[in-house]
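Below you'll find the structure, written out as structure tokens, and then a few comments.
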Amino acid sequence: MSRLLLPCAALAAALLAACTQVNVHGDPQAYVRAQDAPARLRVATYNTSLYDEADGGLIKRFEAGDDNARKIAAVLQQVRPDLVLLNEFDYDPQQRAAELFQRDYLEVAQPGGGEALRYPYRYLAPVNTGVPSGLDLDGDGQSGDAARGDRARGNDAWGYGLHPGQYGMLVLSKYPIDAAAVRSFQTFKWANLPNARQPRDPSTGKPWYSAAVWPQMRLSSKSHWDVPVKTPLGVLHFLAAHPTPPVFDGPEDRNGARNFDEIGLWARYLDGGSPSWLCDDQGRCGGLAADARFVIVGDMNADPVDGDGVPGAIRQLLDHPRVDSTHVPRSEGAGERARGYGFARKGDIATHTGDFGPKAGTLRLDYVLPSRGWKVEGTGVFWPKAGTPDAKISEASDHHLVWVDLAK
């Protein structure tokens, strides 16, 4: 059973949530302090690249002292989001990595950062990466096992990973999380999505996944979470995900199709209503309520116009009638880096968030997309120009933090 620590006022909710795979940490005094907070929310997403190929390896690195973790913490201390999703942060059921990162990195003023930063609340839960499926998912005729090597084993996990929890997700919040209302879609079956883009062998036109595998295949490569947060501006549904990169496959483009449909799951969720096929891990069915305010966050691994993704993948969200995508975060550093690489890009290079070196260039992959009805007071990408004092801490990950300021 997962661990649940919440303010006393949420005890009843906690008892219900403890029956699910919800992991929430909370500070009993935080809600009182939150009442004096300004009526503005800074919401962010950050692919931190804080993962390790060994199970428990990230914990050991944190215990020994990790320079990249210090830089990631320094960025967070500068930007100081009220609510942030960290992608590629290895999950462990005891929350040891999350606790160490909070205590030894965020709560310690870092070189190049700002004042110590404390998040009284957090949410984390199991993800599909590295979890053995027991099936042949990569089509090589064998199911993954240690004897066949790391890559083969990772390819046959529900989401690519070398151990359960690799490339996990972590939500950090200054405000209480409604644990009983959290919804996760870790085990949602890809085949249950209407009009799913079932991968096909282009040489034969036949389905790429076998008839035995396809009905069992999970859609989410990590997980999809709806995390309701009780902010001073009202309840905000924090919709977090990290779809698979649309590469590392073959001519069947199974990862491209999966990326498209992972993004599409949130679009269907925003459609609302009570579709019987849209059921979460707790058995609750239906989409997001029509009057719910939300922010979609995460490394979506999809650029609006460039890159290797299926055309239109991220437009499922950018063009959704409930999403306000008119405020696009930008930075000086992104444009500078993109011009240095010299790749021909159709999109606005100043909006790029990911940097994959001289062989792949830069792309816009990370998003903070608020629902309509919020007042957007500011946006940004923490990607300073080369040679500036902040440039050193911004290179700890191949992605850069994206933030949006919201008000009523």
On the basis of being modelled with pLDDT under 95, open to solvent by less than 10 Å² (accessible area, probe 1.4 Å) and in contact with a strand residue (DSSP E or B) (Cβ under 6 Å, 6 or more places away or on another chain), does Ala179 make the cut?
yes
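Evaluate segment 147-159: report whether one residue or more is farther than 24 Å from Leu219 by Cα, open to solvent by 10 Å² or more (accessible area, probe 1.4 Å), in contact (Cβ under 8 Å) with a residue 12 or more places away in the chain and outside any loop (DSSP other than H, G, I, E, B).
no
Is it fair to say Asn87 is surrounded by 23 or more Cβ atoms within 10 Å (Cβ to Cβ) and at pLDDT 95 or above?
Details: surrounded by 23 or more Cβ atoms within 10 Å (Cβ to Cβ): yes; at pLDDT 95 or above: yes.
Here the answer is yes, as Asn87 does meet what is asked.
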Being free of Cβ contacts under 8 Å to residues at least 60 places away in the same chain, over 19 Å from Glu262 (Cβ atoms) and open to solvent by 10 Å² or more (accessible area, probe 1.4 Å) narrows Lys189, Lys206 down to just Lys206
Could you please give the count of residues in segment 278-303 that are touching a Leu at 6+ places or on another chain (Cβ under 7 Å) and without any contact (Cβ under 8 Å) to a residue 12 or more places away in the chain?
1
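Counting only residues that are outside any loop (DSSP other than H, G, I, E, B) and open to solvent by 50 Å² or more (accessible area, probe 1.4 Å), which one in segment 283-297 is nearest to Val227 (Cα to Cα)? Can you show your working first?
Step one: filter segment 283-297 for residues outside any loop (DSSP other than H, G, I, E, B), giving 285, 293-297.
If we keep only those that are open to solvent by 50 Å² or more (accessible area, probe 1.4 Å) as well, we get 285, 293.
Details: Cys285: 16, Arg293: 12 Å.
Only one residue fits best here, namely Arg293.
If only one of Ile59, Ile72 is at pLDDT 95 or above, over 19 Å from the mean Cα position of the chain (by Cα) and part of a helix (DSSP H, G or I), which one is it? Break it down stepwise before answering.
Values: Ile72 fails: over 19 Å from the mean Cα position of the chain (by Cα).
Step by step, each of Ile59, Ile72 is checked, and only Ile59 is at pLDDT 95 or above, over 19 Å from the mean Cα position of the chain (by Cα) and part of a helix (DSSP H, G or I).
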Long-range neighbours under 6 Å by Cβ, at least six apart or interchain, first residue under 13 Å from His400 (Cα atoms) within segment 329-349, second charged (D, E, K, R) and open to solvent by 60 Å² or more (accessible area, probe 1.4 Å)
Glu332/Lys385; Gly333/Lys385
Any residue in segment 108-130 that is farther than 23 Å from Asp390 by Cα, open to solvent by 30 Å² or more (accessible area, probe 1.4 Å), modelled with pLDDT of 95 or more and in contact with a strand residue (DSSP E or B) (Cβ under 8 Å, 6 or more places away or on another chain)?
no
Residues located in segment 43-82, provided they are among the charged types (D, E, K, R) and either at positive phi or surrounded by fewer than 23 Cβ atoms within 10 Å (Cβ to Cβ) (or both)
Asp52, Glu53, Asp55, Lys60, Arg61, Glu63, Asp66, Asp67, Arg70, Lys71, Arg80
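Of the residues Val235, Val171, Val227, which is assigned to a strand (DSSP E or B), modelled with pLDDT of 95 or more and open to solvent by 30 Å² or more (accessible area, probe 1.4 Å)? Working first, answer last.
Details: Val171 fails: open to solvent by 30 Å² or more (accessible area, probe 1.4 Å); Val227 fails: open to solvent by 30 Å² or more (accessible area, probe 1.4 Å).
It is Val235.
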Hey, Leu135 touching a residue at least 60 places away in the same chain (Cβ under 8 Å) and within 30 Å of Val213 (Cα to Cα) or not:
yes
Matching option when the condition is in contact with a Lys or Arg (Cβ under 8 Å, 6 or more places away or on another chain) and either modelled with pLDDT under 95 or part of a loop (DSSP other than H, G, I, E, B) (or both), among Pro243, Pro251
Pro243
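The values are calculated or read from the model by the stated rules, or taken from the named source; none is laboratory data. None of the values given here were measured: they were computed from a predicted structure. Glycine gets a Cβ as well: all are built from the backbone with ideal geometry, and neighbour counts include every protein chain shown. Just the protein is used for accessible areas: all its heavy atoms, side chains included, with ligands, DNA and RNA removed. Shrake-Rupley method; radii C 1.70, N 1.55, O 1.52, S 1.80 Å.
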